[in-house]
Amino acid sequence: MATDAPPPEGITETRPAELTTEAFIATQDSAEFGELRHAYRSFAFPLTIAFVLWYLLYVLLSNYAGGFMGTKVYSNINVAFMFGLAQFVTTFLIAWLYSRHAAAKLDPRAEAIKSRMEADA
């Protein structure tokens, strides 16, 4: 329900300043942003490639090395089951490593860029 009453005294509307397209392009072209991008890519790309290769190894062994994958490790647990569990373990390990990497290297740099952009606006 809209009214024509003025806002209560002492309360002022504070909106973030509008940033221009040029400001975003200048930030994207800055060395600081390039370092942030490099820090992200140097972590994400190698781990992504390693995980995809690890997953493809699992799939290929499951399809073409049935004898090996069917080898019993303990009771009814075979190599294929161990590889399958290892897929989950590596997924969570990579997520944990990324969260540590982001907190240590990416977040501080991103926050610095954000603060500088807000201060310039």
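The values are calculated or read from the model by the stated rules, or taken from the named source; none is laboratory data. What you see is a predicted model; the values in this text were computed from it and never measured. Ideal geometry is used to build each Cβ from the backbone, glycine not excepted, and the neighbour counts take in all protein chains shown. Each accessible area value is taken on the protein alone, full model and side chains, heavy atoms only, with ligands, DNA and RNA left out. Shrake-Rupley method; radii C 1.70, N 1.55, O 1.52, S 1.80 Å.
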Near pairs, Cβ below 7 angstrom, 6+ apart or cross-chain, from segment 50-66 (closer than 16 Å to I94 by Cβ) to any residue that is open to solvent by less than 80 Å² (accessible area, probe 1.4 Å) and in a helix (DSSP H, G or I): F51/T90; F51/I94; W54/T90; Y55/Q87; Y58/F83; Y58/Q87
Within segment 71-84, can one find any residue that is over 30 Å from D120 (Cα atoms), open to solvent by less than 60 Å² (accessible area, probe 1.4 Å) and not hydrophobic (A, V, I, L, M, F, W, C)? yes
Are there any pairs with C-beta distances below 9 angstrom linking a residue in segment 8-26 that is over 17 Å from S115 (Cα atoms) to a residue that is modelled with pLDDT of 65 or more, with the two at least 6 apart or on different chains, and if so which? E13/P7
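Yes or no: segment 42-64 includes at least one residue that is modelled with pLDDT under 90, on the phi < 0 side of the Ramachandran plot and in a helix (DSSP H, G or I). Write out each step before concluding.
Initial filter on segment 42-64 (modelled with pLDDT under 90): none.
No, segment 42-64 has no match at all.
Considering F43, F51, F92, F88, which residue is within 23 Å of the chain's Cα centre (by Cα) and closer than 21 Å to Q28 by Cα?
Working: F51 fails: closer than 21 Å to Q28 by Cα; F92 fails: closer than 21 Å to Q28 by Cα; F88 fails: closer than 21 Å to Q28 by Cα.
Testing whether each residue is within 23 Å of the chain's Cα centre (by Cα) and closer than 21 Å to Q28 by Cα leaves just F43.
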Under 6 Å between Cβ atoms, which residue pairs at least 6 apart in sequence (or on different chains) link something in segment 89-111 that is free of Cβ contacts under 8 Å to residues at least 12 places away in the same chain with a partner that is of a type in the set (A, V, I, L, M) and open to solvent by 60 Å² or more (accessible area, probe 1.4 Å)? none
